[in-house]
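The values are calculated or read from the model by the stated rules, or taken from the named source; none is laboratory data. Because the structure is a prediction, the values reported are computed rather than measured. Positions of Cβ are generated from backbone atoms using ideal geometry, with glycine treated the same way; all protein chains shown enter the neighbour counts. Surface accessibility is based on the protein's heavy atoms, side chains included, excluding ligands, DNA and RNA. Shrake-Rupley method; radii C 1.70, N 1.55, O 1.52, S 1.80 Å.
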Amino acid sequence: MIAMIENDDLQHISSVLTNWYKKNKRDLPWRNIHDPYRIWISEIILQQTRVAQGYDYYLKFTQQFPDVQLLANAPEDEVLKCWQGLGYYSRARNLQAAAKQIMTQHNGKFPSAYDDILALKGIGEYTAAAISSFAFKQPYAVVDGNVFRFLSRYFGIDSPIDSGAGKKQFTELANSLLDKQQPDLHNQAIMEFGALQCTPTNPDCIHCPLETSCFAKEHDKISYLPVKEKKTRVTHRYFHHLVFICGEETLLSKRSDKDIWQNLYEFPLYESTKLCSFEEILMERNWLSELVKLNSVHVSYQSKEIKHVLSHQIIHAIFYVINTECTTSELSHFIPVKIEHLNKYPVSRLTEKFLKKFSENLPYSKNKYIFTAN
DNA sequence: ATCCCGGTCT
DNA sequence: AGACCGGGAT
């Protein structure tokens, strides 16, 4: 049925979208620029992220890392710190890996060929099409969540957008709709239309310039389209963090591969399949019991359970603040950190949340001012 | 409290 | 196919 759409109709739709865009577009700092580096940064930030959430990060990131070389040569901790709170931290790690790729494979100049762009780490089909069209005016149609939604509703396509066949079908349709004379304008327009007009819930059909020819509107399928088939199942995890206070210092560890928050820092963690008391943790961590025997260790603060919800995991966390007189060398597999330098280390929203609560609960300590993650 | 939203990598 | 994150809407 898609094959039966006339070329004239497709051209008409594209021109309606671009006209709508010219009247309704938001003024954003990554619009009307041609520096591929900045366009790239904006597209990575906007992956899985709303404009409102990514806006300040774009400004901060491009200010701190103004070009490919400075990004490539920066310490990873600084890049992650700049990304702190934005989520999906592999985006920041891949951003830097790609910057190094550009330095070694392209002499530091952002590549312009679609295949070279696609080969960069963290850049998939969507982002390659976005950069190719925005920075180099090449005719590649973007297919992001906004485009899936608009196309599925307008043309009444119920192929699941998270299946291989569905992706292929939508990509072909998006490319047949693409205005190849002005692919940048067309791509911006169709995405902005999905973001502002054809929204996930309560789309503004009353003011929609395509209302009278929209399949979903006519057949009352707006809430049904687009179709997704995958269900995410949620696992529960129980984190017990030990916040050692040894004079001016505390201890951190760096999270490693194959788990959430890779390469971010955290307070030493005991994870188990249920929530534990401090005594239960002692039974599972001999080195800690030894410490208790040797020193006057006491728990000066215990957070309430903090529930941290991700789409695929629910983390139940308790933080134990442990004052100890031990020297940090007794806990040498952790990283000793001056409390006043804690804010240099990239941490998850969960750790940020704890630090905020903890500093608020300190009645008059000067720690109130230095126990922050920002 | 319970839903929904979204690109890339492995 | 499943993992990766945080925030917004209802």
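Among the helices (runs of 4 or more DSSP H) confined wholly to segment A:101-180, which include 2 or more residues that are closer than 28 Å to A:Thr201 by Cβ and not acidic (Asp, Glu)?
Details: elements: A:114-118, A:125-136, A:145-155, A:164-177.
Because the criterion is at least 2 residues that are closer than 28 Å to A:Thr201 by Cβ and not acidic (Asp, Glu), the helices (runs of 4 or more DSSP H) in segment A:101-180 that meet it are A:125-136, A:145-155, A:164-177.
So for segment A:175-183 (the condition being out of contact with any Gly (no Cβ under 8 Å at 6 or more places or on another chain) and within 13 Å of DNA strand B (Cβ to nearest atom)), does at least one residue qualify? If you could, list the steps in order and put the result at the bottom.
First, the residues of segment A:175-183 that are out of contact with any Gly (no Cβ under 8 Å at 6 or more places or on another chain): A:175-183.
Filter once more, keeping what is within 13 Å of DNA strand B (Cβ to nearest atom): none.
No.
What's the total number of residues in segment A:41-57 that are more than 13 Å from A:Tyr88 (Cα to Cα), open to solvent by less than 70 Å² (accessible area, probe 1.4 Å) and within 15 Å of DNA strand C (Cβ to nearest atom)?
Qualifying residue count, segment A:41-57: 2.
Between residues in segment A:6-24 that are under 15 Å from A:Leu178 (Cα atoms) and β-branched (Val, Ile, Thr) and residues that are at pLDDT 95 or above and open to solvent by 10 Å² or more (accessible area, probe 1.4 Å), which pairs lie under 8 Å by C-beta distance while being six or more apart or on different chains?
Partner pairs satisfying both residue conditions: A:Ile13/A:Tyr154; A:Val16/A:Pro209; A:Thr18/A:Asp179; A:Thr18/A:Gln182; A:Thr18/A:Leu185.
Which residue is nearest to A:Leu173 (Cα to Cα), if the candidates are limited to segment A:6-19 and must be hydrophobic (A, V, I, L, M, F, W, C) and open to solvent by less than 20 Å² (accessible area, probe 1.4 Å)?
Step one: list which residues in segment A:6-19 are hydrophobic (A, V, I, L, M, F, W, C), which gives A:10, A:13, A:16-17.
Next, only the ones that are open to solvent by less than 20 Å² (accessible area, probe 1.4 Å) stay: A:10, A:13, A:17.
Values: A:Leu10: 10, A:Ile13: 12, A:Leu17: 15 Å.
Within segment A:6-19, the match that is nearest to A:Leu173 (Cα to Cα) is A:Leu10.
For residues that are out of contact with any Leu (no Cβ under 9 Å at 6 or more places or on another chain) and modelled with pLDDT under 90, tally how many sit in segment A:219-234. Talk me through it step by step, then tell me what you get.
The first filter runs over segment A:219-234 and keeps only residues out of contact with any Leu (no Cβ under 9 Å at 6 or more places or on another chain), leaving A:219-225, A:227-233.
Applying the additional criterion that residues be modelled with pLDDT under 90 yields A:229-233.
Total meeting the criteria: 5.
Determine which member of the set A:Ala165, A:Ala129, A:Ala195 is assigned by TED's automatic domain parsing to the domain that holds A:Phe110 and open to solvent by less than 20 Å² (accessible area, probe 1.4 Å).
Values: A:Ala165 fails: open to solvent by less than 20 Å² (accessible area, probe 1.4 Å); A:Ala195 fails: open to solvent by less than 20 Å² (accessible area, probe 1.4 Å).
Result of the check over A:Ala165, A:Ala129, A:Ala195: A:Ala129.
Rundown of residues vs (1) away from DNA strand B (no atom under 16 Å from the Cβ); (2) over 22 Å from the mean Cα position of the chain (by Cα); (3) not assigned by TED's automatic domain parsing to the domain that holds A:Gly164, yes/no style:
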residue: A:Asp204; (1), (2), (3): no, yes, no
residue: A:Ser213; (1), (2), (3): yes, yes, no
residue: A:His241; (1), (2), (3): yes, yes, yes
residue: A:Leu251; (1), (2), (3): yes, yes, yes
residue: A:Trp261; (1), (2), (3): no, no, yes
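What number of residues within segment A:140-162 satisfy the criterion of being farther than 21 Å from A:Gln11 by Cβ and either among the acidic types (Asp, Glu) or open to solvent by less than 20 Å² (accessible area, probe 1.4 Å) (or both)? Before you say what the answer is, go through the steps one by one.
Keep residues of segment A:140-162 that are farther than 21 Å from A:Gln11 by Cβ, which gives A:144-145, A:148-149, A:158-162.
Subset that is either among the acidic types (Asp, Glu) or open to solvent by less than 20 Å² (accessible area, probe 1.4 Å) (or both): A:144, A:158, A:162.
Number satisfying all stated conditions: 3.
Residue-by-condition table, conditions (1) within 16 Å of DNA strand B (Cβ to nearest atom); (2) over 22 Å from the mean Cα position of the chain (by Cα); (3) in the same structural domain as A:Trp83 (by TED's automatic domain parsing); (4) among the polar types (S, T, N, Q):
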site: A:Asn7; (1), (2), (3), (4): no, yes, yes, yes
site: A:Tyr21; (1), (2), (3), (4): no, yes, yes, no
site: A:Asn24; (1), (2), (3), (4): no, yes, yes, yes
site: A:Leu28; (1), (2), (3), (4): yes, no, yes, no
site: A:His34; (1), (2), (3), (4): no, yes, yes, no
site: A:Leu46; (1), (2), (3), (4): yes, no, yes, no
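Pairs please, first residue from segment A:218-244 and open to solvent by less than 100 Å² (accessible area, probe 1.4 Å), second anywhere and near DNA strand C (Cβ under 9 Å from one of its atoms), Cβ atoms under 6 Å, 6+ apart in sequence or on different chains.
Every condition considered, the pairs that remain are A:Val227/A:Pro160; A:Thr235/A:Gln313; A:Arg237/A:Gln313; A:Arg237/A:Ile315; A:Phe239/A:Ile315.
Please determine whether any residue of segment A:94-106 is more than 16 Å from DNA strand C (Cβ to nearest atom), closer than 27 Å to A:Gly164 by Cα and surrounded by 16 or more Cβ atoms within 10 Å (Cβ to Cβ). Write out each step before concluding.
Step one: filter segment A:94-106 for residues more than 16 Å from DNA strand C (Cβ to nearest atom), giving A:98-106.
Cutting the leftovers down to closer than 27 Å to A:Gly164 by Cα gives us A:98.
With surrounded by 16 or more Cβ atoms within 10 Å (Cβ to Cβ) added as a condition, the list becomes A:98.
Yes, the conditions are met somewhere in segment A:94-106.
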